[in-house]
Each structure stands twice: as structure tokens, then as C-alpha cells.
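Just below is one structure, and these are the notes that go with it.
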Amino acid sequence: MRDKPGSYCLVMPLTRLYRNGVLEAEAFPIAAIFGYVADPSATVWVDLHRPTGEEFAAIGEQLGLGLHDLAVESALHEHQRPKLDRYDGHLFVTAYTVRLAAGTGELETANVAAFFTANALVTVRRDDRFEIDEVTARWDGSPDLAKYGVSFLLHGLLDYVVDTHFAAIQDLDDQIEALQDALFADRPQTRTLQLHTLSLRKSLVLLRRVVLPMREVVNTLLRRDLHTLDDAMVPYFHDVYDHVQRANEWTESLRDLVSSVLETNLTMQSNRLNVIMKQVTSWAAIIAVPTAVTGFYGQNVPYPGFGQPVGFWTSTLVTLGASVALFWYFRRKDWI
């Protein structure tokens, strides 16, 4: 058995060492991890940005264990489902932060994967959309919890992830309310409303895929038989679980609401079409009156008043009287 793995030239600018709940060092090289994790009072965090397979191998060797191939594959590839997997010597979590684009209503996601052992947390980011500075700010905001080691680090990570879900849901709720107001405007922009509604519906479908599995992730962490969390941190994870539950319920209600907006929009379009058809039909009926009268008087046969002024005035009065009577009737029925 080796006392120390081979040295590596890789330097990780985003690294932290907590010892006995106190932040002791930052931005140390990967080669220093082995000596830190050997100390039970130390907790190490390493952030990998767009890592390679060699970097994973280096981290695994420094941690004194081999990261499972399936977990490494999941961390290297996007479009993974949020999940928690258990492997020999470590656990693996993948999750997504979300952000709603203000103008388009499209949902933007950012993936983060995490390996955590008894005293080390390794986060993996595919791009810069995941704001790791927000996570470190949460850790710095609760220094009294740092003594709980990896449970403290993992809580800050998941708490930030779930909070982005809430922020996106709130933005979606506001945009759906704006859609409802726009539906009953005097001159609604039908095409714009439809496109925006469909965009929000698509975003809600994607959001549900991100939010719903988080319930299983946090619930598994809370299982007492797994002994994955420090007992003192369990209430904090219960709080995260409560937020996950509320996010799920809110997402489901918004899905129903946006579907209702879409159906209401279609119904109102149908009603407007019916009104237009009634108006067109009413005017067509009014126009048909003079056509019928002049057509009758235009027959090439003698009729009362034929060739005399009285016939002209009679047909004119009949035309005007019938048209006015039809207009009054259609107006009373609110068809015009």
C-alpha cells in the first residue's frame, strides 16, 4: 500500500480546506488533497470545471478511492436525470439549477454533479452557467455549521439548487399572470399570446423534469439507515425537502394554470369568430333586402306602378323599411 500517490501538476483554483469547522486554506493544488483527507478533522472541497478523465483519475487517487466509472460517465455527460447513486466508498449526486429568460420565457438549465465521501466533496460543472460563487457565499454565510463537514457543504449546494427552482417558478407565475391579463385586453395580440403560452408550457415541462426527481434525491439522503448525514444537519435537509415538496406542488399548479390559459385563449378566439360570423351574416341579410326588391321590380312584366313614379317610391320605401327593421332586430340581438 502506498503512503502517498504520485504528484500532479494540476492546480485547482477552487479548493477549500476546513479543519474542525474553520476555513483553513483555499486554492491549494490537487496533490495536497491526499494529506488532508487522511485527517479525520479535515473536510475538503474541490471544484472541477470541464474536467477530463485524467483529472477524475487524479482526484480519485488523491481521495484514496476509485471513482466509479458510471458516476464519472454521468458527470462527464449532460442531460442526466437528477439522481443520487451509491457506490463503494462514495455517493454521487447530479442536479440542475434553472433560470427563466425574461423576454422569451425559455428555461435555461445548468448541471452540477457532486461526489462526496466521509470528508470530501467534489463538484463538477460543465459550464459557467452554474454559479458556484453563490454556493460558496452560502457556506461563508453559515460558518457555525462548518463543523458538520461534508453534510454542511452538501446542504449549501442543494439549498442553492432548490432556491433557483423557486426563483424560476416565481418568474413563471408572474408571466402566467401577465398572460391572463393580456387575454382580456381590448385588442389582444392573439399570435403573440399563443407563442408565449406555448413557450411557458414547454418551460414548465422542462422544469418538472428537473424539480420532480429532487424529491427522491433529498428523501434518500434523509434515510437513517444510510448514515450519510450528520445528525445535527438532518433538520436543515428536512427544510430543503420541504422546499422541494412546495416547488413540486407549485409546478403542478402552474402546469394546470398555463393549460387553462391556453384553452381560454382558444375559447375566446372561437367566441370572437362566432361574433364576427354573426355580424357578417347580419349585414349580408340587410344587403339582400335591396337586392331582392330591385330584382323583383326589375322583372320584364307589368306590375302595379310599372313605368310610373309611384312604383319607384314604393320599392324605395320597401327597401329602406325592411333594411331598417332588420338592422334594429340584429342590433337588439347584439349581432351588430
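Computed from the coordinates by the stated procedures, all read-outs in this text should not be read as laboratory data. Note that this is a predicted model, so its numbers are computed, not measured. Using ideal geometry, Cβ is built from the backbone for each residue, glycine included, and neighbour counts are taken over all protein chains shown.
Set against the labelled values (1) 188; (2) 373; (3) 139, volume of the Cα convex hull per residue in Å³ computed from this structure falls on (1). Shown in residue order for the range 134-144 are the 3J(HN,Hα) couplings computed by the Karplus curve 6.51 cos²θ - 1.76 cosθ + 1.60 at θ = phi - 60°: 5, 5, 5, 5, 5, 4, 5, x, 10, x, 5 Hz (x for Gly and Pro).
Relative to the present Cα-Cα distance, how much length would full extension add between Arg332 and Ala284 at 0.36 nm per residue of separation?
15.6 nm
Note on Lys147: aspartates and glutamates with a C-alpha under 16 Å away, same-chain residues under 8 apart excluded, are Glu24, Asp39, Asp230, Asp231.
For the charge dipole of the chain, defined by +1 on Lys and Arg C-beta atoms and -1 on Asp and Glu C-beta atoms about the Cα centroid, which residue among Asn111, Leu100, Thr123 has the Cα displaced farthest towards the positive pole? So the residue we want is Leu100. With 0.36 nm allotted per residue and the present C-alpha distance subtracted, the His238-Gln308 stretch has 15.4 nm of extension available.
Treating the beta-carbon of each Lys and Arg as +1 and of each Asp and Glu as -1, no other charges, what is the dipole magnitude of the range 95-156 about its Cα centre, to the nearest 20 debye?
The calculation lands at about 220 debye.
The residues neighbouring Glu134, those whose beta-carbon lies less than 13 Å from its own, together hold a net charge of -3 under the Lys/Arg +1, Asp/Glu -1 convention.
For the chain, give the magnitude of the charge dipole about the Cα centre (Cβ charges: +1 Lys/Arg, -1 Asp/Glu; no others), in debye to the nearest 20.
2000
Between the C-alpha center of the range 51-105 and that of the range 112-138 there is a gap of 10 Å. Each residue of the range 325-331 was assigned a 3J(HN,Hα) from its phi angle through the Karplus curve 6.51 cos²θ - 1.76 cosθ + 1.60 (θ = phi - 60°); the sequence is 5, 5, 4, 4, 5, 5, 5 Hz, with glycine and proline shown as x. The modelled label-to-label distance for the pair Asp173/Asp231, using points 7 Å beyond Cα in the direction of Cβ, is 3.7 nm.
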